[in-house]
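Undergrad: Provided herewith is a single structure, encoded as structure tokens, for subsequent inquiry.
Any read-out appearing in this document is the output of simple, stated calculations on the displayed coordinates, not a laboratory observation. Bear in mind that the values here come from a model prediction, so they are computed numbers and not experimental data. Cβ placement follows ideal geometry from the backbone for every residue including glycine, while neighbour counts extend to all protein chains displayed.
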Amino acid sequence: MTTNTTKTNKLKALLIASTLTMSAFASVNSLAHVDHAHENSALKSAVAGEHRSDKNKARDQYRNPVETLNFFGLSPEMTVVEITPGGGWYTEILAPALKGSGKLYAAHYPDTGKDDYYSKSRKRLEKKLASDAVFSDVVLTDFVPRKQSELAPQGSADLVLTFRNLHNWKDEGVEQVFKDAFNALKAGGVLGVVEHRLPAGADPKVAVGYVSEANTIKQAKAAGFRFAGASEVNANSKDLAQYKVWTLPPSLALGDKDKAKYLAIGESDRMTLKFVKPENASFDEFKKQNK
């Protein structure tokens, strides 16, 4: 009898422990779900914000900002760098999504004091950032193509992003900006790249503005990054890249010529690539190891 009672008590204790473990596991999962839902909520709220124009929102169908930023791992408490925001299309989303909990650096072309593209672009962005309180926490830094630039304080960023810019910088510029991104990121931080994708076998002299995915991955690895994966969220199988990329919307460089055709194609086919700065890594160490 005593033996049976002991076995029964042990079985009860085991069942209680198992129940408590499952309850704790369920609680952790529940909290993780709440945190993830909060992150998605902040991002979706930013995308739906009234500060965004209907014209910009109309491009969401091609740029898929929620899915893209979720793929890169954006969360509200992060320190994020956006390289050359241009007209601020993504800045309109990143700024409110990070406001109050995280930090956004906009690394843009400097004002040279001259009447040139860089100065005009910088002034337009400054005007935009001053237009709405949603941008009040954005910190502007200077990015100079093909020259070493401090995008953000070294080792401070969780996430560095660039959208449809690589084609402007050419190989030399891309190699340098990847080094700059590496230096700005914390160990384990992410570099997210979206760019017009050059199809395999396409003539780059015809498909102007499109960039090789394989070469981009090679350049990022050369800067010390680990390739963490690709997403097809911004893919467009209708885009065959048999023209300059600006032929497609929103630029429609040919005007009314074949406009319906290019509108039917939509915006360009884009690669969406994620790279990670390895733990305990620095670019100087990487160079020493790969001489």
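Undergrad: Under 5 Å between amide hydrogens, which residues at least 5 positions from Leu140 or on another chain qualify, with H placed 1.01 Å from N in the peptide plane?
TA: Ala106
Undergrad: Calculated FRET efficiency, His167 and Lys147, Cβ-Cβ r, R0 22 Å, to nearest 0.05?
TA: It comes to 0.75.
Undergrad: What does the net charge come to around Leu191 if you take all other residues with beta carbon closer than 9 Å to its beta carbon, with K and R at +1 and D and E at -1? Walk me through the numbers on the way to the answer.
TA: Numbers: positive: Lys274, Lys277; negative: none.
Local charge sum for Leu191: +2.
Undergrad: Over the Cα atoms of the stretch 46-120, what radius of gyration and what Dmax do you get, in Å?
TA: Rg and Dmax of the stretch 46-120, Cα atoms, are 13.7, 39 Å.
Undergrad: Report the per residue volume, in Å³, of the convex hull enclosing the C-alpha atoms of the stretch 54-289. Mind dumping the intermediate values first?
TA: On the way: hull volume 31.5 nm³, N = 236.
Spread over its residues, the Cα hull of the stretch 54-289 gives 134 Å³ apiece.
Undergrad: Also, quick follow-up: Based on the mean of other Cβ atoms within 10 Å per residue, sort peptides 131-141, 243-253 so the most packed one is first.
TA: Values: 131-141: 15.3, 243-253: 17.2.
Per-residue mean Cβ counts within 10 Å order the peptides as 243-253, 131-141.
Undergrad: Another question about this same structure. Between Ala235 and Ser119, how many nm apart are label points set 7 Å from Cα along the C-beta direction?
TA: My value for the distance between the label points is 4.6 nm.
Undergrad: So, one more: Just the projected area, averaged over all directions, of the convex hull on the alpha carbon atoms of the stretch 175-282: how many nm²?
TA: 7.3
Undergrad: Further question: Through the Karplus equation 6.51 cos²θ - 1.76 cosθ + 1.60, θ set to phi - 60°, convert the phi angles of the stretch 264-279 into ³J(HN,Hα) values in whole Hz; use x for Gly and Pro.
TA: Those phi angles translate into 5, 6, x, 6, 4, 6, 10, 7, 10, 10, 10, 10, 10, 7, x, 4 Hz.
Undergrad: On the principal axes of its Cα set, how long, how wide and how thick is the stretch 122-243? Give whole Å, largest value first.
TA: Projected onto its principal axes, the Cα set of the stretch 122-243 covers 44, 34, 28 Å.
Undergrad: Please go through the stretch 121-182 and write out the trypsin sites (Lys or Arg not before Pro) that DSSP classes as loop and that have at most 16 other C-beta atoms within 10 Å.
TA: Passing both the DSSP loop test and the Cβ count: Arg146, Lys147.
Undergrad: Sorted by mean Cβ packing within 10 Å, highest first, what order do the peptides 85-93, 220-228, 50-58 take?
TA: 85-93, 220-228, 50-58
Undergrad: Any chance you could list P(r) for the stretch 28-179, counting all Cα-Cα pairs in 5 angstrom bins from zero, rounded to whole %?
TA: Answer for the stretch 28-179: a P(r) of 2, 9, 18, 21, 21, 15, 9, 4, 1, 1, 0, 0 percent.
Undergrad: Please list, ordered by chain and number, the residues whose modelled amide H lies under 5 Å from the amide H of Ser75; skip anything fewer than 5 residues away on the same chain.
TA: none
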